[in-house]
Amino acid sequence: MGDIEGKARTVRELLKGIKYSVDYYQREYKWQDKQLRELIDDLTGKFLEDFQNDHTRAQVAKYGHYFLGSIIVSSKDNQKYLVDGQQRLTSLTLLLIYLRNLQKNRPQSEQVNIDELIYSEKFGTKSFNLTIEERASCMEALFEEQPIDSADQPESVQNILGRYQDIQQCFPYEVAGKALPYFIDWLNENVHLVEITAHSDEDAYTIFETMNDRGLSLSPTEMLKGFLLANITDPIKKNTASKLWKDRIHELNELGKEVEADTFKTWLRSQYATKIRERKRGAKPEDFDRIATEFHRWVRDSRELLGLQDSKDYFRFIEHDFNFYSRQYKRLMHAAHEKVDGLEYILYNAQHSFTLQYMLLLAPLNPDDQEDIVNLKLRIVSKFVDILLAWRLWNFRSIAYSTMQYAMFLVMRDIRGLDPKTLAQKLTDTLAKEKETFATNDRLYLHQQNRRYLHRMLARLTEWIEVNSGMPSHYLEYVSDSGRGRYEVEHIWANRLEQHADEFSHESDFLEYRNRIGGLLLLPKTFNGSYGDLPYESKLPHYFSQNLLAKSLNPQCYEKNPGFLQFTKDSGLPFHAHKEFKKADLDARNTLYRQIAERIWNPKSLLAEAGK
């Protein structure tokens, strides 16, 4: 083996003017939203431990540091080839592109130049510092904030586009404001990776295999299993517990690579965590945090709290507690990916990537609860989360993990083990303390960061009026990301100021109004391609062939349509046709959408669910 070089580098040192290539046989970018969101949460959470509004940017140099792991590079022919680390470097590049775009409209004095970390330019030609040919046009589009169609794109390109959208949605508002240049400084100078360089592919892959495969280290789950089984003295019970554990772990692993560990973290947090680490420098990790990083050690250290004193307690912990909570977590994972009758709110919350819901859902459950009680509790909690998220999104509030973690921890702790009626009252009281509801914002509009959220909100509005008019649910079609007939958020007004010159003299005023929720519909992508630029009067006949929310603009919708007409009569909602679509019409639709939202996301439904 030749010389091996290892050096810790900051993000700036690693990327400034340096190009990395990836060999053809390992080019796919595979990160999903969970990995991306965890990266954003870790980075922003670490930064916010130190940031204070009265700090100067010079003080960032004294902020805490963050280690992002190692990369392994094979250096040959004056080019660096990534053997390990392209997932992190691709994700880091996407974050840098997002930060660059986020700060573009700020005063020059508040901008941090990070272009050189993303691309370099020679003889007038721009090339990205992570050079992979099939991704070039996609990265260019993101860099220039231009649209790109993900249909028929390679797997890596589709994942890149999806993860960039995830960054747009999960990047915390508290970092996107005044703190943004501070955060970029911190990311560039205080986040480190170790670059390990070999001078041949053979040496590089030897290092990779040594770091990843040498020895069969036990996972935290396996270590926890060993500890628990070692304390069960009855051989028959030990065999019973071992088989149950093995079978359930196999079932969980079939659901995804990280589901096994997430099950234990969610269960133990939901039932036992009483403290969470304060967000300040030097604060020690509490049980909530320790469970996330070392749940096997936490269980060993918390035997008294868990009631683990003798053999029968350890058997009960596996056969009774683990069996119940792991089975419920498995059900939650199923409901998060498919629409399950009675548990559909879990899917709605999961489609907002709100992973904090799972510890809330498990918190009130008791292993001795009957199935109907379990389902009722799950429905009450998931509906509470659904309402809370809808209110926050309607008011441009972040639902990112780092933003919501502490508040959700308090809710989880407060609802632990409650019966359905007490649970519903507690969560209703929690919602009553919220200061922002649908009524506090009459100017919800579409912007870069909330497109996916509004897509799902429009899907809920559309589905609700259709189901209440006697039609089947098409929600899953409305939110599907695949297929040429997929639905997208579309504007009722074409992007043509001249069509509205009688009401708008400035383009900025026109665009702000055009993006308001009352001027939006959910339509097949092909519809906008065919009719999007037409004046409203020309599009109106075609709306009649679309979903009921779009169809309700057309006068024909109010003829020979008994299900819808009965629904409008019973609901009292202000539906009416719009032969033209002026500012007043958009305002009327705004009011209509808000009133529909208030029916769908009504806190009183929690008490009604519990039979109070």
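The values are calculated or read from the model by the stated rules, or taken from the named source; none is laboratory data. Please read all numbers here as calculations on a predicted model, not as lab measurements. No Cβ is skipped: glycine too gets one built from the backbone with ideal geometry, and neighbour counts run over all protein chains shown. Heavy atoms of the whole protein, side chains included, go into the accessibility calculation; ligands, DNA and RNA do not. Shrake-Rupley method; radii C 1.70, N 1.55, O 1.52, S 1.80 Å.
Estimated from helices alone, the mean residue ellipticity of the chain at 222 nm is -16500 deg cm²/dmol (sum of -39500 (n - 2.57) over DSSP H runs with n ≥ 4, per residue). State the percentage of accessible surface on the stretch 68-115 attributable to carbon and sulfur atoms; use a 1.4 Å probe and exclude ligands, DNA and RNA. Result for the stretch 68-115: 37 percent of the exposed heavy-atom area is carbon or sulfur. How many percent of the accessible area of the stretch 461-612 is carbon or sulfur, using a 1.4 Å probe? C and S atoms contribute 48 percent here. Based on the Kirkwood approach, the hydrodynamic radius assigned to the stretch 286-429 is 16.3 Å, with every pair of different Cα atoms included. With θ taken as phi - 60° and the Karplus curve 6.51 cos²θ - 1.76 cosθ + 1.60 applied, the whole-hertz 3J(HN,Hα) list for the stretch 485-500 is x, 5, 8, 9, 6, 10, 8, 5, 8, 5, 7, 9, 4, 4, 6, 10 Hz, x standing for glycine and proline. What the phi angles of the stretch 102-111 give under the Karplus curve with 6.51, -1.76 and 1.60, with θ = phi - 60°, is a coupling list of 5, 9, 4, 8, 8, x, 4, 5, 9, 9 Hz, glycine and proline written as x.
The length gained by stretching the chain between Thr591 and Asp313 to full extension, at 0.36 nm per residue less their Cα-Cα distance, is 94.3 nm.
Given the C-alpha centroids of the stretch 496-512 and the stretch 143-186, what is the distance between them in whole angstrom? The distance from the Cα centre of the stretch 496-512 to that of the stretch 143-186 comes to 29 Å. In percent, rounded to a whole number, the relative contact order of the stretch 482-528 is 62, using alpha-carbon pairs under 8 Å and six or more apart. Taking amide H atoms as placed 1.01 Å from N in the peptide plane, the amide H of Ser70 lies under 5 Å from those of Val194, each 5 or more residues away in sequence or on another chain. Within a straight-line Cα-Cα reach of under 16 Å, Lys7 can be paired with the following lysines, leaving aside sequence neighbours fewer than 8 residues apart in one chain: Lys16, Lys80.
Within the straight-line cut-off of under 18 Å between alpha carbons, the aspartates and glutamates reachable from Lys560 are Glu466, Asp570, sequence neighbours fewer than 8 places apart in one chain being disregarded. Candidate cross-link partners of Lys583 among the aspartates and glutamates, defined by an alpha-carbon separation under 20 Å and a same-chain spacing of 8 or more, comprise Asp442, Glu490, Glu498, Asp502, Glu503, Glu507, Asp509, Glu512, Asp533, Glu537. Working from Cα pairs under 8 Å separated by at least six residues, relative contact order for the chain is 13 percent.
Starting from the Kirkwood radius over alpha-carbon pairs of the chain, derive D by Stokes-Einstein at 25 °C in a medium of 0.890 mPa s and give it in µm² s⁻¹. Show your work: numbers first, answer last.
Working: Rh = 27.1 Å.
Estimated diffusion coefficient is 90 µm²/s.
Between Ala432 and Glu286, what is the label-point separation in nm under the 7 Å Cα-to-beta-carbon projection? For the pair Glu286/Ala432, the computed spacing is 2.6 nm.
Distant-in-sequence amide contacts of Leu130, defined by a placed amide H-H separation under 5 Å and a gap of 5 or more residues or a different chain, comprise Tyr20.
In the context of the full set of protein chains, residues of the stretch 508-612 present 45 Å² of accessible surface per residue (probe radius 1.4 Å, heavy atoms only). Sorting 44-57, 446-459, 486-499 by their mean Cβ neighbour count within 10 Å, with the most densely packed peptide first, gives 446-459, 486-499, 44-57.
What does the highest-first list of 465-474, 95-104 look like by mean Cβ count within 10 Å?
Top of the packing list down: 95-104, 465-474.
Derived scalar couplings between HN and Hα for the stretch 291-302 equal 4, 6, 10, 8, 4, 5, 6, 4, 4, 4, 7, 10 Hz in order, rounded to whole Hz, by the Karplus curve 6.51 cos²θ - 1.76 cosθ + 1.60 (θ = phi - 60°), x for Gly and Pro.
Charging the Cβ of each Asp and Glu at -1 and of each Lys and Arg at +1, and nothing else, the dipole of the chain about its Cα centre rounds to 1440 debye.
Since only Gly518, Phe183, Phe128 are under comparison, the one whose Cα sits farthest along the positive direction of the charge dipole of the chain, derived from C-beta charges on Lys, Arg, Asp and Glu, is Gly518.
The stretch between His542 and Gln52 holds 171.0 nm of extra length on full extension. This uses 0.36 nm per residue minus the Cα-Cα distance.
From the alpha carbon centroid of the stretch 261-317 to that of the stretch 58-72 is 28 Å.
Once the 1.4 Å probe is applied to the protein heavy atoms, the stretch 324-380 comes out at 36 Å² accessible per residue. Give me the net charge of Ser473's neighbourhood, meaning all other residues with Cβ under 15 Å from the Cβ of Ser473; Lys, Arg count +1, Asp, Glu -1. With Lys, Arg at +1 and Asp, Glu at -1, the net is -3.
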